[in-house]
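In what follows, a structure is listed as structure tokens, so that the remarks can point back to it.
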């Protein structure tokens, strides 16, 4: 049930937030550093702790960026992405 | 719903197996699940759009036709990700489903539409829906996509897990629709889910959905390669904005070129029928009312229907194909710069069609200050009522010359310029509002990028039909009323039982009275009358001028374009365009702003501000041209 990644050669990076991911980078979402209302909305769209998130294309200038998560593509602005903390991809939790 | 009251629980007991739902059935699903396409498939032309009383969420209802000829009422609820309501859209969906709305009967059953290609996440919505205990059919839509991309699942196993019937459909292709109709005709059992998660806990719901999916042997499909490929162009740092620009230009150019033959056809139709009325009826005041008021007034507005429909055709294709979400993404930085959020983009975009539904659509914006700012700037967006005014004046004053070969002409450039002008006014106003009276913290921008899909003829066709009805209804009510009123005022007071020359009529007197105010803008008293009547609805000015020119000895032999050239200088024409770009000439918009903001304060402020801007802008335009 985990998100299928089409790209085998994704980098696993240890950057702190989603904002630090470059296109093609993937990481595991650790926690969302936002008020519970906003975090809940993000979670309903697939940004759940433990999910693998891959950075996709963006609008010109790099903001907002599309992220592939849980089978969907969701666009987030930089200021929001900066609140989504990620960790190095060691053992993805299966949902 | 008609007929809901006759059938109480009693008749369910009498004949539980052959009864069709007589209470409505609710269609529920997340955004981008293909819910609306399915609704169109089920109901076709048997649908209507209204508002839920008290709130401004649109209520789409329709009737599904069963094989035995019975009709089942279907309510298409707003798209929701969960049943924990935050925005008004979600509140309405929640209230309808739980029977908390006194104006809508609690649905007899629920059709839950989920995207089969994204089942892990979409199944999360099944938990709160099944927990309602209402008979539910789980519809896994886009089954064709699932197959084509190598995904699969065991529908029977899923049905056993959820304790509810499951069908695979492709609303776009019409696959599986008969199974949905069978459910509507059948006994509709209560759902018996094996177990449900704690509904308030999103991770638990997702875990539950994942478990259910894997027990139903769900294999997620491969990523949508075509979508990725198209995005590599449409979201390319250089090509993306260029495509965006090309799309916009193509839309505007074709409004001028492709619509012309159809408009000429309508024109001819009104000419021929008008002449027929004029020659068949004996000369009388009634004939004059018909020919000058109805044919000259309403007819000259209806001629613009093809342009309006063409605009909606393009917007419909862009929206249904999924490109609009990318356009919103590309435009987001601009929105952020003026302090607005991405959610404001969709209402503002629909304001290009009409400000009234756009202002209603702002209900999805949770932040009240952002919502107010969006409401206040929406009427600056060039709505379809401005389009006929713009195209008429541009065509009368600007000769068509190629700018970029055959692809782009001067008239399309002028029209595009007016759209940009309205947009710039909106952006500047938003900036002022968001840095002063409507300052607020920024809220997160979240937008799902749907996979690209071919738009269906049915969805686009139904949309065009709906827009035609709205346009013709306006022409037949507001515009007809105003032109008839104008005709009466242009024929009074009677002098020796005869209508006076229009200059001496009530309308002429009013026009002359305001002439000193509008003279600096380059407008004469005839245009002045048009400005007054266009307060009701912008496009009324065309009917008004059509009627006045028809009655005025100076110009009655000329067609509308020629008559305009006779009455306006090129500078005055530019001023008139600028005036229309800025002014809030629309009773419906004023009414909806009053309702949405709960008082007269905001609409009065807005009307005054936009009017002052229109006057100042027109004054400047008249002097620099």
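The values are calculated or read from the model by the stated rules, or taken from the named source; none is laboratory data. Treat the numbers as computed from the prediction; the structure is a model and nothing was measured. For neighbour counting, all protein chains shown are included, and Cβ atoms are generated from backbone atoms with ideal geometry for every residue, glycine included.
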Checking the condition over 29 Å from the mean Cα position of the chain (by Cα), part of a helix (DSSP H, G or I) and modelled with pLDDT under 95, which residue from B:125, B:97, B:130 passes? B:130
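I'd like to know if the range B:425-448 contains one or more residues that are within 23 Å of residue B:471 (Cα to Cα) and more than 14 Å from chain A (Cβ to nearest Cβ). Walk me through how you get there before you give the answer.
In the first step, residues of the range B:425-448 are kept if they are within 23 Å of residue B:471 (Cα to Cα); the result is none.
Checking the range B:425-448: not a single residue is within 23 Å of residue B:471 (Cα to Cα) and more than 14 Å from chain A (Cβ to nearest Cβ).
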Considering residues of the range B:401-420 that are touching a strand residue (DSSP E or B) at 6+ places or on another chain (Cβ under 7 Å) and in contact (Cβ under 8 Å) with a residue 12 or more places away in the chain only, the residue farthest from residue B:563 (Cα to Cα): B:409
Within the range A:23-38, considering residues that are within 12 Å of chain B (Cβ to nearest Cβ) and buried (at least 19 other Cβ atoms within 10 Å of the Cβ), the one farthest from residue B:235 (Cα to Cα): A:32
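Report the residue count in the range B:108-120 for those that are at the interface with chain A (Cβ under 10 Å from one of its Cβ atoms) and either surrounded by 24 or more Cβ atoms within 10 Å (Cβ to Cβ) or farther than 22 Å from residue A:68 by Cα (or both).
Here is the first cut: in the range B:108-120, the residues at the interface with chain A (Cβ under 10 Å from one of its Cβ atoms) are B:115, B:117-120.
Subset that is either surrounded by 24 or more Cβ atoms within 10 Å (Cβ to Cβ) or farther than 22 Å from residue A:68 by Cα (or both): B:115, B:117-119.
Number of matching residues: 4.
For (1) at pLDDT below 85; (2) within 28 Å of residue B:80 (Cβ to Cβ); (3) in a loop (DSSP other than H, G, I, E, B); (4) in contact with a strand residue (DSSP E or B) (Cβ under 6 Å, 6 or more places away or on another chain), each residue gets a yes or a no:
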site	(1), (2), (3), (4)
A:3	yes, yes, yes, yes
A:19	no, no, no, no
A:27	no, no, no, yes
A:31	no, yes, no, yes
A:43	no, yes, no, no
A:46	no, yes, yes, yes
A:53	no, yes, no, yes
A:57	no, yes, no, yes
In the range B:505-527, which residues are without any contact (Cβ under 8 Å) to a residue 12 or more places away in the chain and surrounded by 13 or more Cβ atoms within 10 Å (Cβ to Cβ)? B:509, B:519
Residues being crowded, with 19+ Cβ neighbours inside 10 Å, touching a strand residue (DSSP E or B) at 6+ places or on another chain (Cβ under 7 Å) and more than 8 Å from chain A (Cβ to nearest Cβ): count how many of those fall in the range B:195-254. 1
Applying the selection to the range B:60-77, what residues are closer than 15 Å to residue B:28 by Cβ and assigned to a loop (DSSP other than H, G, I, E, B)? B:77
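Hey, any hits in the range A:67-76 for a residue that's at the interface with chain B (Cβ under 7 Å from one of its Cβ atoms), without any contact (Cβ under 8 Å) to a residue 40 or more places away in the chain and not in a strand (DSSP E or B)? First the steps, then the outcome.
Here is the first cut: in the range A:67-76, the residues at the interface with chain B (Cβ under 7 Å from one of its Cβ atoms) are A:70-76.
Restricting the remaining residues to those that are without any contact (Cβ under 8 Å) to a residue 40 or more places away in the chain gives A:72-75.
Cutting the leftovers down to not in a strand (DSSP E or B) gives us none.
The answer is no; no qualifying residue exists.
Against the condition surrounded by fewer than 23 Cβ atoms within 10 Å (Cβ to Cβ), more than 9 Å from chain B (Cβ to nearest Cβ) and modelled with pLDDT under 90, how does residue A:87 come out, does it pass?
Values: surrounded by fewer than 23 Cβ atoms within 10 Å (Cβ to Cβ): yes; more than 9 Å from chain B (Cβ to nearest Cβ): yes; modelled with pLDDT under 90: yes.
Here the answer is yes, as residue A:87 does meet what is asked.
Is it the case that residue B:223 is under 34 Å from the mean Cα position of the chain (by Cα), modelled with pLDDT of 85 or more and part of a loop (DSSP other than H, G, I, E, B)? I'd like the intermediate steps shown before the answer.
Working: under 34 Å from the mean Cα position of the chain (by Cα): yes; modelled with pLDDT of 85 or more: yes; part of a loop (DSSP other than H, G, I, E, B): yes.
Against the criterion (under 34 Å from the mean Cα position of the chain (by Cα), modelled with pLDDT of 85 or more and part of a loop (DSSP other than H, G, I, E, B)), residue B:223 qualifies.
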Could you list, in sequence order, all residues of the range A:43-61 that are more than 7 Å from chain B (Cβ to nearest Cβ) and touching a residue at least 40 places away in the same chain (Cβ under 8 Å)? A:50, A:51, A:52, A:54
Answer yes or no as to whether residue B:21 is under 14 Å from residue B:111 (Cα atoms), touching a strand residue (DSSP E or B) at 6+ places or on another chain (Cβ under 8 Å) and modelled with pLDDT under 80. yes
In the range B:474-492, the residues that are free of Cβ contacts under 8 Å to residues at least 40 places away in the same chain and touching a helix residue (DSSP H, G or I) at 6+ places or on another chain (Cβ under 7 Å): B:489, B:492
